[in-house]
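Structure first, then comments.
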Amino acid sequence: MSFLRKLKEKVTPPKANVSLNLSKNTFALGEDLEGTLVLNSEEEFDASEVRVEFRCIERKKEKRYEWNEQTRRGEWKEFWETATLYSTDLKVSEELHLTQGYKKEFSFRINIPASGRESYRSVDGSVIWSVKGVLAIKGRPDATSKTVEVQVIKQLAPTVVKEIVREVVMIPCAYCGKLMPQTSTLCPYCGAPRRA
């Protein structure tokens, strides 16, 4: 019986719930991705670490000219090329012992590189940013959260308000004596024409 139990433990992750709560769903390049990783355990076991995995994956549709032996001619074939543009693992906890009913929240903050690419999807390609929580266990499959897709946008340019200050020279009206702008042809108070 214990042999079957040990075999079952080798192929099944522990009964633990890992979930992520992000401060928001859209982040700008250069901004910090902030959130909490929530851990609930329904059994007793030892974990080697708790981490947050943050990835940026680009997929592009490419064409390649290949020789086909059956038709004895060259053909264009479509294939998907995948590249990891950014990858980081943030360790939020070292080794720990979890008991039945264990619950804990871990705060995390990961910087999104300002030089990165913003999220997009099209027929021919995509750039996808994703984050996932992982409870790593030695000798057993890891318990993981759902992979959460994060929308990353271009860094918004700061709004600059320019104030233009113009100096207006005031001169006295020849008729009423009140000050009027030098650029006026008529006095705004008495309506008299300006003298040269």
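Rule-based calculations on the coordinates, nothing more; no lab input. Source: prediction; values computed, not measured. Because the Cβ atoms are built from the backbone with ideal geometry, glycine has one as well, and the counts that use them run over all protein chains shown.
Tabulated data for the structure shown
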quantity	calculated
Residue check for L85: touching a Cys at 6+ places or on another chain (Cβ under 8 Å) and of a type in the set (A, V, I, L, M, F, W, C)	yes
Lone qualifier among V123, V127 - being over 27 Å from L33 (Cα atoms) and touching a residue at least 24 places away in the same chain (Cβ under 8 Å)	V123
Some residue of segment 98-119 being free of Cβ contacts under 8 Å to residues at least 60 places away in the same chain, of a type in the set (K, R) and surrounded by 11 or more Cβ atoms within 10 Å (Cβ to Cβ)	no
Long-range neighbours under 8 Å by Cβ, at least six apart or interchain, first residue over 16 Å from P113 (Cβ atoms) and free of Cβ contacts under 8 Å to residues at least 60 places away in the same chain within segment 26-48, second of a type in the set (S, T, N, Q) and outside any loop (DSSP other than H, G, I, E, B)	E42/N17
Single residue of G191, G139 found to be on the phi > 0 side of the Ramachandran plot and out of contact with any Lys or Arg (no Cβ under 9 Å at 6 or more places or on another chain)	G191
Filter pass, E94 being surrounded by 15 or more Cβ atoms within 10 Å (Cβ to Cβ) and among the charged types (D, E, K, R)	no
Test: T99 is farther than 27 Å from E149 by Cα and among the β-branched types (V, I, T)	yes
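Yes or no, residue by residue, for (1) exposed (fewer than 14 other Cβ atoms within 10 Å of the Cβ); (2) out of contact with any Pro (no Cβ under 9 Å at 6 or more places or on another chain); (3) of a type outside the set (S, T, N, Q):
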site: V123; (1), (2), (3): yes, yes, yes
site: A136; (1), (2), (3): no, yes, yes
site: T144; (1), (2), (3): no, no, no
site: V150; (1), (2), (3): no, yes, yes
site: L156; (1), (2), (3): yes, yes, yes
